């Protein structure tokens, strides 16, 4: 098969593919006219891949390097019967550790200390009054897939009660309870922490809006490591300013880079990270392991074996 590698392959990975009889195109030797006739598989995604899918082509499969696929032309891919696999699972532990870091930064006084002028740190009352421990708190996690379950496992280990919200509401590992969308208001009223790891779909766009923040009656911390457009950012800012939320840890935003004049960047109760929570050690090896397994399966029996995306659902 011919593979267009939008995501750079390591030398040994390229050699492994060529030894198995596959040919590889890279952005450096990509020619759209030729590629429409020859490329069977897209590894990664870039402007060349988008142009290829837009033109008449023979692509069978796209392997992304991310768990989310909202940036792909899903309708076109579905119409062309192109299968898509993602890297769901490889980002779970790093994102879960990032979520824990946000919560501990607020709970153990790191955020409050960082926002206090050095000369005013003593006496310590202003920092101490903002501190808390995680034990016996309740976290509501929106999304019960790999990432949500890993976050829940870390939090349960620290004595946090974990409530999950998913489209189907089925029980999930590491969650004390799981509800569907209809139960959202009830669980938000119990939340000390609200954590978003949902994919971006038509149903989740602007999901966290003013009405949703008003349902968070325990003044929780809000953490977004899912997708930026799932949050109404002006409503989030109002919720922070009005005290509906005690703080927020934000790794994703509607617009990235975030405009320099965004008040979220300077808000004293917000921790901002630049969409790095899913950073994986040895990313190229982790992505290629999924790709190679699927490629062997496709070559052997015509089917992909791992991380197949439902293009209608969007994840």
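Look at where the Cα atoms of segment 185-221 and of segment 48-77 average out, and the two centres are 31 Å apart. Rounded, prolate or oblate: which fits segment 10-88, taking a ≥ b ≥ c as square roots of the Cα gyration tensor eigenvalues, rounded meaning a/c under 1.5, else prolate when a/b beats b/c? Taking the square roots of the gyration eigenvalues as a ≥ b ≥ c, segment 10-88 is oblate. Computed over segment 187-302, the P(r) curve from all C-alpha pair distances, binned at 10 Å from the origin, holds 13, 38, 25, 14, 9, 2 percent per bin. For the peptides 55-66, 253-264, residues were scored by their other Cβ atoms within 10 Å and the scores averaged per peptide; the highest-first order is 55-66, 253-264. Taking Cα atoms only, the orientation of helix 283-301 departs from the longest principal axis of the chain by about 40 degrees. Taking the C-alpha atoms only, the angle from helix 146-157 to the longest principal axis of the chain is near 30 degrees.
Note on residue 312/residue 136: beta-carbon distance plugged into 1/(1 + (r/R0)^6) with R0 of 41 Å gives a FRET efficiency of 0.50. For the chain, the antiparallel share of DSSP beta bridges with both residues in that region comes to about 5%. When only Cα pairs below 8 angstrom with a gap of at least 6 residues are kept, segment 221-277 shows a relative contact order of 41 percent.
By how many degrees, 0 to 90 and rounded to 10, does the Cα axis of helix 92-107 deviate from the longest principal axis of the chain? Around 20 degrees separate the two axes. With 0.36 nm allotted per residue and the present C-alpha distance subtracted, the residue 286-residue 101 stretch has 64.3 nm of extension available. Pairs of alpha-carbon atoms within less than 8 angstrom and 6+ residues apart define the contacts here; what relative contact order does the chain have, in percent? Normalised by residue count, the contact order of the chain is 15 percent.
Legend: calculated FRET efficiency, residue 76 to residue 156, from the Cβ-Cβ distance at R0 = 45 Å, rounded to 0.05, equals 0.65.
The modelled label-to-label distance for the pair residue 273/residue 121, using points 7 Å beyond Cα in the direction of Cβ, is 2.3 nm. Put simply, the C-alpha atoms of segment 92-272 give a gyration tensor, and the ellipsoid matching it has half-axes of 25, 19, 14 Å, longest first. The sum of -39500 (n - 2.57) across all DSSP H runs of n ≥ 4, divided by the residue count of the chain, sets its helix-only mean residue ellipticity at 222 nm to -9500 deg cm²/dmol.
If you compute Cα extents along the principal axes in Å for the structure shown, which of (1) 69, 42, 36; (2) 105, 64, 35; (3) 69, 44, 33 do you land on? The listed entry that was calculated here is (3). Between the beta carbons of residue 54 and residue 202, assuming R0 = 25 Å, the FRET efficiency works out to 0.70 to the nearest 0.05.
Starting from the Cα of residue 300, step 7 Å toward the Cβ, then list every residue of segment 1-29 with an amide N under 19 Å from that point. The answer is 1, 16-22. Inter-label distance, residue 261 to residue 181: 3.6 nm, where each label sits 7 Å from its Cα along the C-beta direction. The modelled label-to-label distance for the pair residue 241/residue 47, using points 7 Å beyond Cα in the direction of Cβ, is 3.8 nm.
All of the numbers you see were taken from the coordinates with simple rules; none came from a lab. Model, not experiment: these values are computed from the prediction. With ideal geometry, Cβ positions are generated from the backbone for all residues, glycine too; neighbour counts draw on all protein chains shown.
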